[in-house]
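Reading through the structure tokens given below for one structure.
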Amino acid sequence: ETPSADDAPQLRHEITRVGVVGTGTMAAGIVEVFAKAGYDVVFVGRSDDKLAGVVRTITKNQDRAIAKGRGDEATKEAVLGRLTGATSRDALADVDLVVEAIAEDLEVKRELFADLDRICKPGAILATTTSSLPIRECAAATSRPEAVIGMHFFNPATVMKLVEVVTTADTAPEVDETVRALCARTGKVAVSCGDRAGFIVNALLFPYLNDAVKLSEEGTHSLTEIDAAIKEQVALPMGPFELLDVVGNDVSLAIQKELHAEFGEPGLAPAVTLEKVVAEGRLGRKTGAGFHDYA
Ligand code: CAA
């Protein structure tokens, strides 16, 4: 049955100002997604340098859009004009929704959620873009578990349309509906997911990526051959090593460890070479080298 416009999710909470915590790849992309959609965005980072990095990334993306004939100076200025960087979380007191995109570490996230609960106004929605940690654990650190939800964006966040919207047993239906409506307003496609490690996409995608690394360890195929074969046959836009380098090998390792810890299957143990490239600082495109070189 095709859903009619009447079935489309509605904004049950008014959303005009959005907060983002973090200044990494995902955070910068999410800030840009909201600013492009017309929302005022307050983003919080640990230093002025990191805040400036977010503005630099967004400026670069806007310039690329102009160069490709998809944007203009006025749009770029409007997008940049909607950004407010802050080094104190207190700047989030008045936002209607916060998306956190900080380290994939449960203790760090729980500390943040307790803080957001204290700082953000009553009724504000607290979202996390964690790719594998339990949303219910973030919710348990707050006094408002009904307002806590997962909004899992994909990398690059400005391009990838999917957002996995992850509810817990406590998430209020109107919070879920508001977030799904917000996804639609920002040009994203929301898919509802349960709160289990890896949600839908990563639960299926990362075992495959990890297996590709294990396959390469046998030494029978080059990384380039594996990338080429998968792109040709499965019609994916990137081969596994190209994609690992886009996602970041540190992020990928954290996801794989989480899947392994949660389900305990020996086959889910992170590939040795994935651990090795991370230990060597070859994190992917963001460091200029990962499985492939980008110098
Ligand atoms: N940041 C911002 N924009 C980018 C970008 C980036 N890193 N990379 C590409 N783009 C934009 C380009 O500007 C371009 O838009 P225009 O043509 O309108 O200018 C558009 O994306 C397409 O890019 P290209 O034509 O240069 O290259 P492409 O056709 O190869 O597409 C891609 C690039 C969209 C990244 C494509 O290769 C792709 O879809 N790759 C797979 C990405 C993917 O699967 N991501 C999910 C990973 S899993 C994850 O993220 C989960 C998690 O929890 C970590």
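The values are calculated or read from the model by the stated rules, or taken from the named source; none is laboratory data. All values derive from a computational prediction rather than experimental measurement. Using ideal geometry, Cβ is built from the backbone for each residue, glycine included, and neighbour counts are taken over all protein chains shown.
Can you tell me which residue is farthest from the ligand (Cβ to nearest atom) among those in the range 125-146 that are more than 24 Å from V246 (Cα to Cα) and either of a type in the set (S, T, Y) or surrounded by 23 or more Cβ atoms within 10 Å (Cβ to Cβ) (or both)?
Looking at residues that are more than 24 Å from V246 (Cα to Cα) and either of a type in the set (S, T, Y) or surrounded by 23 or more Cβ atoms within 10 Å (Cβ to Cβ) (or both), I get S143.
Tally up the residues in the range 263-289 that are under 17 Å from F241 (Cβ atoms) and acidic (D, E), please.
2
Would you call T178 under 25 Å from L259 (Cα atoms), crowded, with 19+ Cβ neighbours inside 10 Å and not assigned by TED's automatic domain parsing to the domain that holds E265?
no
Of all residues in the range 246-261, which are surrounded by fewer than 19 Cβ atoms within 10 Å (Cβ to Cβ) and more than 15 Å from the ligand (Cβ to nearest atom)?
A261, the sole residue that qualifies.
Condition check: within 12 Å of the ligand (Cβ to nearest atom), touching a Phe, Trp or Tyr at 6+ places or on another chain (Cβ under 7 Å), more than 26 Å from T129 (Cβ to Cβ) and not assigned by TED's automatic domain parsing to the domain that holds A103. Does D227 satisfy that?
Spelling it out, D227 is indeed within 12 Å of the ligand (Cβ to nearest atom), touching a Phe, Trp or Tyr at 6+ places or on another chain (Cβ under 7 Å), more than 26 Å from T129 (Cβ to Cβ) and not assigned by TED's automatic domain parsing to the domain that holds A103.
For the range 262-292, which positions are touching a residue at least 12 places away in the same chain (Cβ under 8 Å) and farther than 20 Å from L215 by Cα?
Matches in the range 262-292: E262, F263, R285, K286.
Table: residues versus (1) assigned to a helix (DSSP H, G or I); (2) more than 16 Å from L162 (Cβ to Cβ); (3) touching a residue at least 40 places away in the same chain (Cβ under 8 Å); (4) under 20 Å from the mean Cα position of the chain (by Cα).
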| residue | (1), (2), (3), (4) |
| --- | --- |
| E177 | yes, yes, yes, yes |
| A184 | yes, no, yes, yes |
| S192 | no, no, no, yes |
| A197 | no, yes, yes, yes |
| N202 | yes, no, yes, yes |
| L205 | yes, no, no, yes |
| V213 | yes, yes, yes, no |
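From the list G150, G81, G123, which one is modelled with pLDDT of 95 or more and in contact with a strand residue (DSSP E or B) (Cβ under 8 Å, 6 or more places away or on another chain)?
Being modelled with pLDDT of 95 or more and in contact with a strand residue (DSSP E or B) (Cβ under 8 Å, 6 or more places away or on another chain) holds for just one of G150, G81, G123, which is G150.
I'm checking my understanding of the structure. Among residues of the range 277-292 that are more than 19 Å from T224 (Cβ to Cβ) and not small (G, A, S), which one is surrounded by the fewest Cβ atoms within 10 Å (Cβ to Cβ)?
E280
Yes or no: the range 38-57 includes at least one residue that is in contact with a helix residue (DSSP H, G or I) (Cβ under 8 Å, 6 or more places away or on another chain) and touching a residue at least 60 places away in the same chain (Cβ under 8 Å).
Within the range 38-57, none of the residues are in contact with a helix residue (DSSP H, G or I) (Cβ under 8 Å, 6 or more places away or on another chain) and touching a residue at least 60 places away in the same chain (Cβ under 8 Å).
List the pairs whose first member sits in the range 86-101 and is small (G, A, S), whose second member is part of a loop (DSSP other than H, G, I, E, B), and whose Cβ atoms are under 6 Å apart, counting only residues at least 6 apart or on separate chains?
A101/G22; A101/T129
Considering only residues that are among the basic types (K, R) and under 17 Å from T23 (Cβ atoms), which ones fall in the range 52-81? Break it down into steps so the answer makes sense when it comes.
Looking only at the range 52-81, we keep the residues that are among the basic types (K, R), and these are 56, 60, 64, 68, 70, 76.
Result: R56, K60.
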